[in-house]
Amino acid sequence: LSRNIFDRDFTVNSLAIRLGSNQILDVTRRGIPDIHDKRIVSILPPQEAVPSNPLMITRAIRMAVRYNFKIDRNLWAAMKKNISVLDKISPQRLFIEGVVLSKYENSEVMLNKLGISLAELKKGVACE
């Protein structure tokens with residue numbers, strides 16, 4: 001279980017429930033506090049996690065705008081520094097991410113602060 005938990009991207013996604021009970025397991029001991037504080041925090045050091053998992057960028061924004069959470073400043077800095085890693089994602093997946101993010105009012109603002117737009121996420125696939 002612990003290995004699976006540490007393969008996840010954010011502490012808020014690190015919670016598990018013990019089968020046959022209502023006991024919530026917070027292996028990182030940070031998931032529940034981060035939910036209460038409405039923070040999106042990387043489980044692993046973000047400067048290492050973001051370059052190896054580019055979808056963290058769009059997932060963090062989606063969770064922030066959907067649930068009115070704040071993105072941890074270290075995670076945000078890693079996202080901004082590594083925005084070019086989005087190029088590692090297929091155009092089809094970027095298009096999907098763009099469509100999903102377009103459902104949320106503030107996603108465009110957050111993307112613009114990172115130097116990208118929804119139109120850029122959709123670029124390539126929409127023309128095929």
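The values are calculated or read from the model by the stated rules, or taken from the named source; none is laboratory data. This is a predicted model, so every value here is computed, not measured. Note that each Cβ is placed from the backbone with ideal geometry, even for glycine, and that neighbours are counted across all protein chains shown. With ligands, DNA and RNA removed, areas are computed over all heavy atoms of the protein, side chains included. Shrake-Rupley method; radii C 1.70, N 1.55, O 1.52, S 1.80 Å.
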Taking every pair of alpha-carbon atoms in segment 12-128, what share in percent sits in each 5 Å bin, from 0 to the bin with the longest distance?
2, 12, 20, 21, 19, 12, 8, 4, 2, 0
Enumerate the amide H contacts of Ile71 below 5 Å, restricted to partners 5 or more residues apart or on another chain; note that Pro and chain-start residues carry no placed amide H.
Ile40
Sorting check: for 80-86, 59-65, which peptide has the highest mean count of neighbouring beta carbons within 10 Å, and how do the rest follow?
59-65, 80-86
Under 18 Å from Lys122, Cα to Cα: aspartates and glutamates that are on another chain or at least 8 residues apart
Asp87, Glu97, Glu105, Glu108
Amide H partners (placed H, <5 Å) of Leu25, local residues excluded:
Ala16, Ile17, Arg18
Report the residue, chosen from Gln47, Gln23, Gln92, that carries the largest GNM mean-square fluctuation when the chain is represented by alpha-carbon nodes joined by springs under 10 Å.
Gln23
Using only DSSP helix segments of four residues or longer, with each worth -39500 (n - 2.57), what per-residue ellipticity at 222 nm results for the chain after dividing by its residue count and rounding to 500?
-13500 deg cm²/dmol
Helix 55-67 vs. the chain, principal-axis angle (Cα, 0 to 90°, nearest 10):
70
Could you sort out which of Lys81/Lys103; Lys70/Lys113; Lys103/Lys123 sit more than 19 Å apart by Cα distance in this structure?
Lys81/Lys103
Taking just the alpha-carbon atoms of segment 61-128, what radius of gyration and Dmax come out, in angstrom?
11.8, 37
With a 1.4 angstrom probe the carbon and sulfur portion of accessible area for segment 1-78, in percent, totals 50
How many Å² of accessible area per residue for segment 1-103, probe 1.4 Å?
60
